[in-house]
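To start, the structure under review is shown below, and the notes come after it.
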Amino acid sequence: MNQILIICGPTATGKTKLAVSLAKKFNGGLISADSRQVYQGMDIVTGKDLPAGRQDKPAGVKIFGYDLVKPDEDFSVAHFINFAQPLIIKLQQQNRLPIIVGGTGLYINALLKPIPTLNIPPSPSLRRRLEKNSLKQLQTALKKLNPDRFNQMNHSDQNNPRRLIRAIEVAKVGSNRQSLNFKHDALLIGLTASVKILDQRIVDRVNQRIKAGARQEIESLLRQGYSKKLPSMSAIGYREWPDVAKWIQAEQQYSRRQLTWFKKIPGLHWFNINQPNFNRQLANLISAWYTK
């Protein structure tokens, strides 16, 4: 059995709550596909579903993928794949249904369509040398190594030193390594609602997080020496704090980008969370698909 269930969609649609109920019904194991929730100590602002006392077992169901790294440590889509794939296999071997839940489209897409260059590791020594080069030197180097790759990049990436360095790194190491052959029988569920409803749910959720201690969490991270310049601290909420209106606006804009991203994924079954009996219809769909 190589079946996996994916629950995705924009923020504030109740994906984790639904996934927990489905895990109980179908003997599932939950894996978070959220690029913000991998960081330790970043709980309230990122919206981890945390009951009092135990950080990774909402309603008694463990969620894998929380608290994987410290806020000053790197975590990329490659790290996610290297974490998630062995765990998916382990759950399947236990005759449990892996349930991937989250709103980071890049993580979900990488599971469904492996990225050929994903298993090319970074080269710290090469990066240190390249970081000394000017933008023009980086552009010239990539044009010589792989002109097609340079031409495929959009204008922003062509002028982004970090993206250019990675492209040079891939070109030098070589992209002839085999990508991971990891195919799934995947059922994709997308949760959605009208823009008006999503916007109000986001307002309510941000206010709930403030009441739950968002300010104290951010101040604690800063006291521990975690700079606001870290990639982890650029997550929505931390970046905008203390401007709550900007936080809400950023979450709302992010939900629209998520909808645009997920709508491009073929075969995704959409369910409107405000439609009556959507839970029953969704459960019937899974029951017809799932082979225990």
Problem set entry | the chain - charge dipole about Cα centre, Lys and Arg +1 at Cβ, Asp and Glu -1, debye rounded to 20 | 400
Exercise. Can you work out ³J(HN,Hα) from phi for every residue in the stretch 79-91, in order, using Karplus 6.51 cos²θ - 1.76 cosθ + 1.60 and θ = phi - 60°, giving whole Hz and x for Gly and Pro?
Worked result: 4, 4, 4, 5, 7, 6, 4, x, 5, 4, 4, 4, 5
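Hey, can you find the accessible area per residue of the stretch 162-265 for me, probe 1.4 Å, expressed in square angstrom? The partial results should precede the final answer.
Working: 6040 Å² over 104 residues.
Solvent-accessible surface per residue comes out at 58 Å².
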For this session: Can you tell me the 0 to 90 degree angle between the C-alpha axis of helix 214-223 and the longest principal axis of the chain, rounded to 10?
Result: 30
Problem set entry | Intensity falloff of the stretch 149-292 expressed as log10 I(q)/I(0), Debye formula with alpha-carbon point scatterers, at q = 0.10, 0.14, 0.15 Å⁻¹ | -0.65, -1.07, -1.11
Exercise. Counting alpha carbon pairs within less than 8 Å and at least 6 residues apart, what relative contact order, in whole percent, applies to the chain?
Worked result: 28
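What does the C-alpha gyration tensor say about the overall shape of the stretch 250-292? Classify as rounded when a/c is under 1.5, otherwise prolate if a/b is larger than b/c, or oblate.
On the way: a/c = 3.27, a/b = 1.74, b/c = 1.88.
Oblate.
May I ask for the equivalent-ellipsoid semi-axes of the stretch 89-150, computed as the square root of five times each C-alpha gyration tensor eigenvalue and listed largest first in whole Å? Numbers along the way, then the final one.
Details: eigenvalues 280, 38, 26 Å².
The equivalent ellipsoid of the stretch 89-150 has semi-axes of 37, 14, 11 Å.
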Exercise. Based on DSSP H runs of at least 4 residues, each adding -39500 (n - 2.57), what is the mean residue ellipticity at 222 nm of the chain after dividing by all its residues, to the nearest 500 deg cm²/dmol?
Worked result: -14500 deg cm²/dmol
Problem set entry | Cα convex hull volume per residue for the chain (Å³) | 151
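Please report the carbon-and-sulfur percent of the accessible area for the stretch 210-292; probe 1.4 Å, protein heavy atoms only, DNA, RNA and ligands left out.
The computed percentage sits at 52.
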Problem set entry | Dipole axis of the chain (+1 Lys, Arg; -1 Asp, Glu on Cβ), positive-most option in SER287, PRO122, SER232 | PRO122
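The values are calculated or read from the model by the stated rules, or taken from the named source; none is laboratory data. No experiment lies behind these values; they were computed from the predicted model shown. Every residue, glycine among them, receives a Cβ derived from its backbone with ideal geometry; neighbour counts consider all protein chains shown. Accessible surface is based on the protein model in full, side chains and every heavy atom, while ligands, DNA and RNA are left aside. Shrake-Rupley method; radii C 1.70, N 1.55, O 1.52, S 1.80 Å.
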